[in-house]
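Here is the structure we will look at, set down as C-alpha cells.
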C-alpha cells in the first residue's frame, strides 16, 4: 500500500494545483456556472494540451496518456478543491473510462485521441432513473443489427456539451455500450435543472439514433463504475478540505464577545472532529486509488474499496459543508459567501453515482458479507 | 550493514557461552546488567553499551529469535528507567536502574489526583522540606500496579507562590512505608486495574528528588512522552512466554502480574474483530439497518488504520508530521463507541446479560461496560480536541484563569 506519492506525482500535484489556482478562482467559478455550457473553452484546451489531464489513467496502447488511477485521483482532488468548471468528469473520467474498458483497441484508438486532445467532449449516458448506474434495469434497446439505439437517459453529466455520447442499451438482451454522435438525427437533448450549477446535467432521448457498437461482448460496467467512484471520492475530499480550511480561517478572524470565535472550545472541538472525519475520508480515497492501481478496477477488491471510499467521502464532504455554513453564521447562508458553491457540489455528489447507504451495502456484498 | 552483522555475531557468541536456562531470572538478568547486553542502547556506565536505539532493537530481536529472555520491561518500570536516565543524577542511576532491569523492583506512577486529571499541573499533593527529608501529604489516583510497587514516580507541589507548572517537583518515593496507603479502585466493569494512593506524612529523603526543585513538570513530560510511545505496545510476553523451563515459569509469573491490569483493554477498544462473527452467528447480518452500521464501523476502523499508515509513511520519508499523526486516539474513541453500539444492536436482548450468561463467555458484556474508558484514559477526547485544534489547525487558545501564583488559582472546593 502506498500512502505517499512519488516525487513525480508530488510535482504533478503541484502543477495541477497551480493550474487550478490560476484558472479557477471563485470569481471564475461564479461566472462560468451562470452560463449554459458552464466552462471556459480556452481553459479546457489548456487543461488537455498543457496539463495532459484527459486520458491520464488510460494506457497509451488505447490512446491514453499512460498513467494510472493515482494520477487521476490527484487531478480530481485538486479539481474538487478548486471547483474548476470543466467537462472533465464527463469526458475525462466517465466517457474515457467507458471507451477504454468497453471498446476494442482499434475503436479506442479511433475515439480517444480526439477526447484526450479536448477537441471532442464525451459524455456517458447510462442512468435512466434516479437509482440506476449499473445495468440491471436497462430499458434502452438497440436495433438487432446494433446500428441504432432507442431509449431515454437522465442525469447525463455535460450531456449538452458533448459531441460524443457513450450509451448503454440492450442488444439481444445483453447490456452493451454504443458510441452515438450527439448531433445525429434521432438524438434530442435538453438540460435538467441541476442544483449544483457547476455540474451540468441533461436528459437525452434516442429515437432510432445511429450508433456504433463498442467491443465484442457484453459490457462489464463494474470497472467503469469503480473508476468513476474513486475519481469522485478524491474530488470530494479535495472539496471537503477546502471547506475545512475556509471554516478554520474564518473562525480565527471573526470576533464576538471580545474574542475570536475560534477560541471557543465549542467551535474548536467541532473543527477537530471535522478534521478527523476529513482525514479518515482522505485515507479511504487514497487507498481506493491504490487498490485500483494494484488490482485493477474490475474485481471485488476494487468494488469494496471504491464503495467504501464513496460512502465515507460523501459523508465527510457534506458534513464539512454543513459545518462550514454553520460556523460562518448568517453570512454563510448568503449567495455572496462562497461556501454554497461547495455545499451544492457536496449535496449533489452525495447521491451522484449512488448514495452512501447504497455504497455501504455494495461494499459489504463485495466483501462477501 | 556489515557493522550490524558483526555486532550481532558478537552478541550471538556471547549468548551461546552465557545463556543458562537453569539459572534464576534475577541471576541471568544480573549478568545482562553487568555486561550491558540487556539494555545495549543505554550508556556504558549505566548497564548499557552506548549503542543506538536501532542497534539496541536489533539486539533485542536477536535475543527473542534465539529464545533467550531479556531484561524486565513489563509494567511501569521502563517509564521509570527512561525518566531516571534522562533526569537522574549519577547516584540515582546507579541505585535504581539495575534493580529495574533485573525485575527485582517494580514501580508505579503517582501523577493524577482526584482534583487534577486533565489539568495534571494543578496537582495539590504537597512536599514540604523538614531537615533532610521531604514530607508528603496528599492523594493520588489511577495508579496502575501501585499495590505491588516498590517505588513510585511522584509529582508533588513544592512551591505555592509561583505559576502552577513552575511549583512542581518530581520524586522517587519508597512505597513500602507507613505513610503510604494503597487502596485498589474497582471500576464499573468489575476489574480493579488501578489504585488510590494516600500519603500522610510520608517521607522522601532529600536526595530522592529527580532533577531540580520546580522542574517537576518537565520531568513528568518525559515520563508521559514515553507512556504515549508505549501506548500501542503489544502486551502479553510474546513467544518467549510459551517456552518451557523454570526460568520461563518465573517470567510467565512476572508478565502475568504486570499484565493483569490490562486484561480488559481489547474490550475497551470495542472488539471490531468480533463484529462479523457475531452478526453471522445471530443472523443480524441480514438486517439492512444493522448492515449499514456494520459497514460504517468497518469503514471507520479501516480508515483509521490507513491514516496511521499515512502517518508512518510520512515519518519514514522524513516529512514533518501532518494532521494524520495526531488523530489516532480520537479515532479510537469514535470507533470504540460505534463498535459498542453495533455489538448492542447485534446482541439485542442478550446485551442485558453479563458474565457467563452474556455471549462469548462475557466478552460482549465486558465490551459494553468497558468502552466508556477509552475516551477518558490517557487524555480525554476533550483534551485531544483541544490539542488537535490548537496544534494542528492553529486555532487560538482559550483565555486562561490559572497563570498567576498557584496559591490564588481557583480550585475544587475539597482542595481549598
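The values are calculated or read from the model by the stated rules, or taken from the named source; none is laboratory data. The structure displayed is predicted, hence computed values, not measured ones. Every residue, glycine as well, gets a Cβ built from its backbone with ideal geometry; the counts of neighbours run over all protein chains shown.
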If a residue counts only when it is in contact with a helix residue (DSSP H, G or I) (Cβ under 6 Å, 6 or more places away or on another chain) and surrounded by 20 or more Cβ atoms within 10 Å (Cβ to Cβ), which helices (runs of 4 or more DSSP H) contained entirely in region A:1-78 have at least 2 such residues? A:7-23
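So that you can scan it fast, the table gives a plain yes or no per residue for (1) within 24 Å of residue B:109 (Cβ to Cβ); (2) touching a strand residue (DSSP E or B) at 6+ places or on another chain (Cβ under 6 Å); (3) surrounded by 16 or more Cβ atoms within 10 Å (Cβ to Cβ):
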position	(1), (2), (3)
B:384	yes, no, yes
B:388	no, no, yes
B:391	no, no, no
B:394	no, no, no
B:397	no, no, no
B:402	yes, no, no
B:406	yes, no, yes
B:410	no, no, no
B:413	no, no, no
What strands (runs of 3 or more DSSP E), lying completely within region A:130-236, carry at least 1 residues that are farther than 30 Å from residue A:307 by Cα? A:148-157, A:174-181, A:187-192, A:201-210
Could you please give the count of residues in region B:304-328 that are touching a residue at least 24 places away in the same chain (Cβ under 8 Å) and either part of a helix (DSSP H, G or I) or more than 10 Å from every other protein chain (Cβ to nearest Cβ) (or both)? 5
One residue from A:268, A:252 being at the interface with another protein chain (Cβ under 9 Å from one of its Cβ atoms), over 28 Å from residue A:123 (Cα atoms), in a helix (DSSP H, G or I) and in contact with a strand residue (DSSP E or B) (Cβ under 8 Å, 6 or more places away or on another chain): A:252
A careful count of residues in region B:46-99 that are touching a strand residue (DSSP E or B) at 6+ places or on another chain (Cβ under 8 Å) and in a helix (DSSP H, G or I) gives 8
Quickly run through region B:161-182 and pick out the residues that are over 25 Å from residue B:213 (Cβ atoms) and in contact with a helix residue (DSSP H, G or I) (Cβ under 8 Å, 6 or more places away or on another chain). B:182
For region A:332-348, check the following and say yes or no: at least one residue is buried (at least 17 other Cβ atoms within 10 Å of the Cβ), farther than 16 Å from residue A:243 by Cα, out of contact with any helix residue (DSSP H, G or I) (no Cβ under 6 Å at 6 or more places or on another chain) and in contact (Cβ under 8 Å) with a residue 24 or more places away in the chain. no
Can you tell which of B:346, B:257, B:294 is facing chain A (nearest Cβ under 10 Å), more than 30 Å from residue A:245 (Cβ to Cβ) and not in a loop (DSSP other than H, G, I, E, B)? B:294
Just to be sure, is residue A:243 modelled with pLDDT of 95 or more and at the interface with another protein chain (Cβ under 9 Å from one of its Cβ atoms)? no
Take region A:353-369 and flag every residue that is assigned to a loop (DSSP other than H, G, I, E, B), crowded, with 19+ Cβ neighbours inside 10 Å and at the interface with chain B (Cβ under 7 Å from one of its Cβ atoms). none
Which residue is nearest to residue A:9 (Cα to Cα), if the candidates are limited to region A:280-301 and must be over 17 Å from the mean Cα position of the chain (by Cα) and more than 12 Å from chain B (Cβ to nearest Cβ)? A:293
Any residue at all in region B:16-29 that is buried (at least 17 other Cβ atoms within 10 Å of the Cβ), within 21 Å of residue B:152 (Cα to Cα), touching a helix residue (DSSP H, G or I) at 6+ places or on another chain (Cβ under 6 Å) and in contact (Cβ under 8 Å) with a residue 12 or more places away in the chain? no
Scanning region A:139-160 residue by residue, those surrounded by 19 or more Cβ atoms within 10 Å (Cβ to Cβ) and under 19 Å from residue A:228 (Cα atoms) turn out to be A:153, A:155, A:156, A:157, A:158, A:159
From A:127, A:91, grab the single residue that is in a helix (DSSP H, G or I) and either at pLDDT 95 or above or more than 29 Å from residue A:46 (Cα to Cα) (or both). A:91
With (1) within 9 Å of chain B (Cβ to nearest Cβ); (2) more than 30 Å from residue A:295 (Cβ to Cβ); (3) buried (at least 20 other Cβ atoms within 10 Å of the Cβ) as the list, and residue A:276 as the residue in question, which single condition is left unmet? (2)
Of all residues in region B:376-390 being touching a residue at least 60 places away in the same chain (Cβ under 8 Å) and not in a loop (DSSP other than H, G, I, E, B), the one that is nearest to the other protein chains (Cβ to nearest Cβ): B:388
Quick one: is residue B:393 in the same structural domain as residue B:277 (by TED's automatic domain parsing) and more than 30 Å from residue B:281 (Cβ to Cβ)? no
Residues of region A:331-341 satisfying the condition of being over 24 Å from the mean Cα position of the chain (by Cα) and under 13 Å from residue A:250 (Cα atoms): A:331, A:332, A:337
All conditions in (1) within 14 Å of another protein chain (Cβ to nearest Cβ); (2) surrounded by 21 or more Cβ atoms within 10 Å (Cβ to Cβ); (3) under 28 Å from the mean Cα position of the chain (by Cα) are true of residue A:262 except (3)
